[in-house]
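Peer 1: Just dropping this structure here.
The values are calculated or read from the model by the stated rules, or taken from the named source; none is laboratory data. What you are looking at is a predicted structure, and each value in this text was computed from that prediction instead of being measured. All Cβ positions, even for glycine, are placed from backbone atoms using ideal geometry, and neighbour counts span all protein chains on display. Surface areas here come from the heavy atoms of the whole protein model, side chains and all, with no ligands, DNA or RNA. Shrake-Rupley method; radii C 1.70, N 1.55, O 1.52, S 1.80 Å.
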Amino acid sequence: IIIAILSTDMQKHFPMIKDVGKFLEEDSKTSLTNLEEKDKFFIIEVLVHSADLSMPTKEFPLAEEWGKRISREFSNQAASEKELGLPVTEFMEGLEDDRRRADQESKFIGFVVKPLWEKVVLLLPETRQFLQNLIDNIKTYKEQAEGKQPNRAKTPQLLVTPVDK
């Protein structure tokens, strides 16, 4: 359990994505059944890390609410850093501005979260709706960052090809 929790450390994020790619390239890994013990633990680490970064995979109203909450936390941290005379973490400043926050969300999700969830879907095709939500949310955040009012009433275009079993 401790190793799984430690897998949420963001220093391990990009190496983990590479490792999932290598794992998927191995011919013997066509299914998650009959895995060796070390592979089972690796999959648990990937899933715990993915769960830790799952907020953007929710439908937009819920993802946006949690995004606003973390942005408030970041803004408070930036204010505390400034007050203490510490260097202010740049991406944590100015998130009170909705357009800046939306821009930061779209970039973080696209650069950090999406590559992980693209691998998760290859491991567990049943999770593809989460990746689709994430893609839709990136689009919505980009529209907000541009000052557009996203049309949430329309049916999102399916950008993820269903994976055959």
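Peer 1: I'd like to check something: does segment 93-101 contain any residue that is closer than 22 Å to GLU146 by Cα, open to solvent by less than 50 Å² (accessible area, probe 1.4 Å) and not in a loop (DSSP other than H, G, I, E, B)?
Peer 2: There is at least one residue in segment 93-101 that is closer than 22 Å to GLU146 by Cα, open to solvent by less than 50 Å² (accessible area, probe 1.4 Å) and not in a loop (DSSP other than H, G, I, E, B).
Peer 1: Would you check which residues across segment 120-136 are assigned to a helix (DSSP H, G or I) and open to solvent by less than 60 Å² (accessible area, probe 1.4 Å) and list them? Before you say what the answer is, go through the steps one by one.
Peer 2: We begin by selecting, within segment 120-136, every residue assigned to a helix (DSSP H, G or I); these are 120-123, 125-136.
Once the filter is applied, which keeps residues that are assigned to a helix (DSSP H, G or I) and open to solvent by less than 60 Å² (accessible area, probe 1.4 Å), segment 120-136 yields VAL120, VAL121, LEU123, PRO125, THR127, LEU131, GLN132, ASN133, LEU134, ILE135, ASP136.
Peer 1: Spot the failing condition for THR57; the list is (1) open to solvent by 90 Å² or more (accessible area, probe 1.4 Å); (2) touching a Ser or Thr at 6+ places or on another chain (Cβ under 9 Å); (3) of a type outside the set (A, V, I, L, M, F, W, C), and only one is missed.
Peer 2: So the condition that THR57 fails would be (1).
Peer 1: Which number in (1) open to solvent by 100 Å² or more (accessible area, probe 1.4 Å); (2) within 19 Å of PHE111 (Cα to Cα); (3) in contact (Cβ under 8 Å) with a residue 40 or more places away in the chain marks the one condition that TRP66 misses?
Peer 2: Only one criterion is unmet by TRP66, namely (3).
Peer 1: Among (1) open to solvent by 30 Å² or more (accessible area, probe 1.4 Å); (2) at pLDDT below 95, there is one condition LYS139 misses while meeting the rest; what is its number?
Peer 2: That leaves (2) as the condition not met.
Peer 1: Also, I was wondering about something else. Over 16 Å from the mean Cα position of the chain (by Cα), over 27 Å from ILE5 (Cα atoms) and crowded, with 18+ Cβ neighbours inside 10 Å: is that true of GLN144 in this structure? If you could, list the steps in order and put the result at the bottom.
Peer 2: On the way: over 16 Å from the mean Cα position of the chain (by Cα): yes; over 27 Å from ILE5 (Cα atoms): yes; crowded, with 18+ Cβ neighbours inside 10 Å: yes.
Spelling it out, GLN144 is indeed over 16 Å from the mean Cα position of the chain (by Cα), over 27 Å from ILE5 (Cα atoms) and crowded, with 18+ Cβ neighbours inside 10 Å.
Peer 1: Of the residues LYS107, LYS82, LYS68, which is in a helix (DSSP H, G or I) and touching a Lys or Arg at 6+ places or on another chain (Cβ under 8 Å)? Spell out how you get there, then give the answer.
Peer 2: Numbers: LYS107 fails: touching a Lys or Arg at 6+ places or on another chain (Cβ under 8 Å); LYS82 fails: touching a Lys or Arg at 6+ places or on another chain (Cβ under 8 Å).
None of the others qualify; the one that does is LYS68.
Peer 1: Checking the conditions here, which among SER75, SER106, SER28 is modelled with pLDDT of 95 or more and either among the small types (Gly, Ala, Ser) or exposed (fewer than 12 other Cβ atoms within 10 Å of the Cβ) (or both)?
Peer 2: SER106
Peer 1: Where the second residue is modelled with pLDDT of 90 or more and of a type in the set (Val, Ile, Thr) and the first is within 11 Å of ASP52 (Cβ to Cβ) and lies in segment 1-23, which pairs have Cβ atoms under 6 Å and are six or more apart or on separate chains?
Peer 2: ALA4/ILE44; ALA4/VAL48; SER7/VAL48
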